[in-house]
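Here the structure comes first, spelled out in structure tokens, and everything after it is commentary.
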Amino acid sequence: MHELGVVFSIIKTVEEVAASNDVKEVASVKLNLGEVSTVIPEYLTDCWNWAVKRTEIMKEAKLDIEIIPAVTYCEDCGTEYGTVEHGKICPKCGSSHTYLLRGNEFTIQEIEVC
């Protein structure tokens, strides 16, 4: 489970941002998480709930996860389609000349302070 390492990285980043902005308490963190990012939201939330209790400024901070749907683009026919439903092969023309447009994101979107 790499989610715990991911949570430690998020906490470190948020603490650095908070320190540079003289923030004393963080209320919540909103993440954009791509549907195919390899991070499991439920595991991430469990790790978050355990880890933030061990911090000074984030003890009560909530985690809000927004899932970004995975979309793939076909270079041969220009179709955009759901990656999870169809994988690498374009459902319109059958081409494998495709690439992921979005859905692999993992970004801190917003930090709410008290």
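Ratio to report: Rg/Rh of the range 1-47, with Cα atoms as the point set and Rh obtained by the Kirkwood method; give two decimals. Mind dumping the intermediate values first?
Values: Rg = 12.0 Å, Rh = 11.8 Å.
Taking Rg over the Kirkwood Rh, I get 1.02.
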(request) Work out the P(r) tail for the range 65-106: percent of alpha carbon pairs separated by more than 14 Å, whole number. (result) 38
(request) Please list, or write none, the lysines whose alpha carbon is within less than 25 Å of the alpha carbon of residue 62, excluding same-chain residues fewer than 8 places away. (result) 12, 24, 30, 53
(request) Between residue 110 and residue 19, with labels modelled 7 Å along Cα→Cβ, what's the label distance in nm to one decimal, could you check? (result) 2.6
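If the convex hull of the alpha-carbon atoms of the chain is projected onto planes in all directions, what is the mean projected area in square nanometres? Walk me through the numbers on the way to the answer.
Working: hull surface 31.4 nm².
So the mean shadow area of the Cα hull is 7.9 nm².
For the chain, what is the calculated [θ] at 222 nm in deg cm²/dmol (nearest 500), taking -39500 (n - 2.57) for each run of four or more DSSP H residues and dividing by its residue count? Mind showing how you got there, number by number?
On the way: 3 runs with 33 residues, N = 114.
Value at 222 nm, helices only, nearest 500: -9000 deg cm²/dmol.
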(message) Through the Karplus equation 6.51 cos²θ - 1.76 cosθ + 1.60, θ set to phi - 60°, convert the phi angles of the range 102-114 into ³J(HN,Hα) values in whole Hz; use x for Gly and Pro.
(response) 7, x, 10, 5, 8, 9, 7, 8, 7, 10, 9, 10, 8
(request) Would you mind checking which residues have amide H under 5 Å from residue 65's amide H? H placed 1.01 Å from N; only 5 or more apart, or other chain. (result) 31
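Taking the Cα centre of the chain as origin and charging only Cβ (+1 Lys, Arg; -1 Asp, Glu), how large is the dipole, in debye to the nearest 20?
Working: 10 positive and 19 negative charges, 36 e Å.
Magnitude of the dipole: close to 180 debye.
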(request) Could you give me the percent of Cα pairs per 10 Å distance bin for the range 16-71, shortest bin first, beginning at zero and ending with the bin that holds the maximum distance? (result) 22, 46, 27, 6
(request) With a Förster radius of 22 Å, plug the Cβ-Cβ distance of residue 100 and residue 60 into 1/(1 + (r/R0)^6) and report the FRET value to the nearest 0.05. (result) 0.05
(message) Using only the alpha-carbon atoms, how far is helix 41-51 inclined from the longest principal axis of the chain? Give it as 0 to 90 degrees, nearest 10.
(response) 10
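Every number in this text was worked out from the coordinates using simple rules, so none of it is lab data. None of these values were measured; they are calculated from a predicted model. Neighbour counts are summed over all protein chains in view; Cβ atoms, including those assigned to glycine, are modelled from backbone coordinates with ideal geometry.
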